[in-house]
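Below: the structure, in structure tokens.
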Amino acid sequence: MNSQAVGLRVAGIIFTLVCLAQLGRLIIRPEIIVAGYQMPLWPSAAAALIAGALGFWMFKLSSGAGK
């Protein structure tokens with residue numbers, strides 16, 4: 001496995017962890033206050049979708065790297 005494939009897999013793992021953290025926020029539904037205003041849940045849903053897609057993309061790219 002070359003260094004490019006390793007880098008893509010590390011990026012995929014990081015994006016997957018971010019996705020799982022955002023999904024955890026959606027499940028637990030903690031109250032987050034920023035500058036006196038409650039943070040809505042929809043940004044976490046968007047972040048989970050984007051991070052999940054990026055993680056999937058990185059893993060897909062890493063399987064083809066080095067060929």
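Which residues, taken from segment 8-32, are free of Cβ contacts under 8 Å to residues at least 24 places away in the same chain and over 13 Å from the mean Cα position of the chain (by Cα)?
Those that are free of Cβ contacts under 8 Å to residues at least 24 places away in the same chain and over 13 Å from the mean Cα position of the chain (by Cα): LEU26, ILE27, ILE28, ARG29, PRO30, GLU31, ILE32.
Evaluate the following for LEU61: is it aliphatic (A, V, I, L, M) and either in contact with a strand residue (DSSP E or B) (Cβ under 7 Å, 6 or more places away or on another chain) or surrounded by 17 or more Cβ atoms within 10 Å (Cβ to Cβ) (or both)?
So LEU61 does not fit the description; no.
Condition test on ALA5, is it surrounded by 13 or more Cβ atoms within 10 Å (Cβ to Cβ), in a helix (DSSP H, G or I) and modelled with pLDDT under 95?
When the stated conditions are applied, ALA5 passes them.
Taking segment 21-40 on its own, how many of its residues are surrounded by 14 or more Cβ atoms within 10 Å (Cβ to Cβ) and modelled with pLDDT under 95?
So the count comes out to 1.
The values are calculated or read from the model by the stated rules, or taken from the named source; none is laboratory data. Note that the structure is predicted; figures quoted are calculated from it, not measured. Glycine gets a Cβ as well: all are built from the backbone with ideal geometry, and neighbour counts include every protein chain shown.
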